[in-house]
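Here, each number is a calculation from the coordinates, and none is a lab measurement. As the structure is a prediction and not an experimental result, all values here were calculated from the model. All Cβ positions, glycine included, derive from the backbone under ideal geometry; neighbour counts span all protein chains shown.
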Amino acid sequence: MSPLILGLLIAFTLILVLLLGVPVAFALGSVAIVFLVIFDGVGSINVMAETIFAGLNEFALLSIPMFILMGAAIASSRAGSDLYEALERWFYRVPGGLIISNLGACSIFAALSGSSPATCAAIGKMGIPEMQKRGYPDSLATGAIAAGGTLGILIPPSITMIVYGIATETSIGRLFLAGIIPGLLLTGLFMAWSLFYAKRNGFHFKIGDKGYSWKEKFEILPKVLPFLVIIGLILYALYGGVTTPSEAAGVGAFVCVGLVVLIYKMWSWRANWEILRSATRESIMIMMIIATAALFSYMMSSLYITQALAEWIAALDVNPWVLLISINIFLLVAGLFLPPVAVILMNAPTLLPIVETIGFDPIWFGVMLTINMEIGLITPPVGLNLYVINSIAPNIKLPTILWGALPFMLCMIFAIILLIIFPGIATWLPDAVMGAAQY
């Protein structure tokens, strides 16, 4: 059997196993083991444990549970509500200020927590009822929060970027920098669409009767600014050459947990145990996927499938841009059914050599891949953010949330087109701060 036919058989088997409801990590591991034993013999079992261990034997992986712990601490407190309220007080008199406050809070909280569902839940619990109270359309209120939550996997520090960097052996520091301007671009596009939609439908940005004094505006800042300072210090430590990503993540997690305990008086053992349990559960899930993805990648390489696919694509007489568009469509479809971490670990090691062969930058490709994953978070059938919004706003039907999120999906596609036309949107800042990359 040719490697390409074998690759199609493996892909079909994996999709079938996933459709049966098997968790991603166990699906990857079981398919890899079965095909290795069938085509490489029983002796291949001897290297499986070593391969799984090697997949986790990476110092940079320590940053993942640390950043997850940092996000869990922030998500378990009132930090999201305070952030939303702070922006609401400062932008209260600005036309459309509530939309700006919600999306701004989403982008900042997403950077703090690194979790899209946590961002939707934290900001949506306050933002959606407030927008409904002011008369904003339900579709706009829910769509804006669902889309704003996706920024968590693009704006640094991003778990998705860390996973991509480890899977493709590219600089995590460069990836973090590369996500900043596209993240701000998406935030701006979301705000622009929200304001345009509301005005086009004749919505008047009415100001409530209650205003906020300067005292009320400043009194909430001490609860919010320390967390923003932490993000700034983490980025400075990374790009100033002070620490590695893992060290910066460890210090950031320790300080965040301490701030949550001090600011929000979370002294009880039960509250802190919940933070640790939540962070441990998510960390183990991601680490299991990483470990079994390493075994899956080994199987694909051992059976010469990865190399054959790369050679076949390189031999095609196809315009590089057509090939790039095809890759984007593939990633978009994959993101509809699988979580971002799984898509990256399964496909990035195979796709990156192809992308580099046709002359595209791996950092730029990482940003584009991440935006494709963002689209998957607000698109059925998985569309995790849609279900989170539906759970915190059960009075709003799921189709309404979906239609509200659709224009924001188009904003993301427009951002991908801009990145393709102007790759400097992603590569300029890393090159300016860290120098031109050598590949």
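Between 225, 154, 98, the GNM of the chain built on Cα springs shorter than 10 angstrom shows 225 fluctuating the most.
Sorting 254-267, 340-353 by their mean Cβ neighbour count within 10 Å, with the most densely packed peptide first, gives 340-353, 254-267. Can you compute the helix-only [θ] at 222 nm over the chain? Use -39500 (n - 2.57) per DSSP H run of at least 4 residues, normalise by all residues, nearest 500 deg cm²/dmol. Value at 222 nm, helices only, nearest 500: -26000 deg cm²/dmol. For the chain, lysine pairs with C-alpha atoms less than 27 angstrom apart, excluding pairs fewer than eight positions apart on the same chain, total 26.
Near residue 293, within a Cβ-to-Cβ distance under 15 Å, what is the net charge of the other residues, with Lys and Arg +1 and Asp and Glu -1? Present the calculation step by step, with values, prior to reporting the outcome.
Details: positive: none; negative: 58, 169.
Around residue 293, the charge tally is -2.
Semi-axes of the equivalent ellipsoid of the range 1-104 are 48, 20, 11 Å, computed as sqrt(5λ) over the eigenvalues of the C-alpha gyration tensor in descending order.
For residue 365, what is the net charge nearby, where nearby means another residue's Cβ is under 13 Å from its Cβ and Lys, Arg count +1, Asp, Glu -1? Intermediate values should be presented prior to the final figure.
Numbers: positive: 174; negative: 356, 361.
Result for the neighbourhood of residue 365: -1.
Could you identify which residue out of 156, 362, 394 has the top mean-square fluctuation in a GNM of the chain using Cα springs shorter than 10 Å? Looking only at 156, 362, 394, the biggest GNM fluctuation is shown by 394. Dividing the convex hull volume of the alpha-carbon atoms in the range 330-439 by its residue count gives 116 Å³ per residue.
Relative to the compact-globule estimate of 2.2 N^0.38 Å, the Cα radius of gyration of the range 13-65 comes out at 1.35.
Largest first, the extents of the alpha carbon coordinates of the range 3-434 on the three principal axes equal 74, 49, 45 Å. Packing around the peptides 164-171, 281-288, taken as the average count of other Cβ atoms within 10 Å per residue, puts them in this order, highest first: 164-171, 281-288. The phi-based Karplus calculation (6.51 cos²θ - 1.76 cosθ + 1.60; θ = phi - 60°) puts the 3J(HN,Hα) values of the range 173-186 at x, 5, 5, 4, 5, 5, x, 5, 5, x, x, 5, 4, 5 Hz, whole numbers, x for Gly and Pro.
Dividing the mean sequence gap of close Cα pairs (under 8 Å, 6+ apart) by how many residues the range 3-434 holds gives a relative contact order of 27 percent. Which translational diffusion coefficient, to the nearest whole µm²/s, is obtained for the range 37-93 from the Stokes-Einstein equation, given a Kirkwood hydrodynamic radius over C-alpha pairs, 25 °C and 0.890 mPa s? Answer, rounded: 156 µm²/s. Computed from phi, the 3J(HN,Hα) profile of the range 28-37 under the Karplus parametrisation 6.51, -1.76, 1.60 (θ = phi - 60°) reads 4, x, 5, 5, 4, 5, 4, 6, 5, 5 Hz, with x in place of Gly and Pro.
For the range 156-169, backbone phi angles converted through the Karplus equation (6.51, -1.76, 1.60; θ = phi - 60°) give residue-by-residue couplings of x, x, 10, 4, 4, 5, 5, 4, 4, x, 5, 5, 10, 6 Hz, Gly and Pro being listed as x.
Where the eigenvalues come from the Cα gyration tensor of the range 211-290, what are the semi-axes √(5λ) of the equivalent ellipsoid, largest first, in whole Å? Present the calculation step by step, with values, prior to reporting the outcome.
Numbers: eigenvalues 153, 86, 24 Å².
Semi-axis lengths for the range 211-290 are 28, 21, 11 Å.
Take every Cα pair under 8 Å in the range 220-360 that's 6+ residues apart, average their separations, divide by the length, and report that relative contact order as a whole percent. Working shown, then result.
On the way: 46 pairs, mean separation 29.1, N = 141.
Relative contact order comes out at 21 percent.
Shown here is the pair-distance distribution of the range 147-191: with all Cα-Cα distances grouped in 5 Å bins from zero up to the longest one, the shares run 5, 26, 30, 19, 12, 6, 1 percent.
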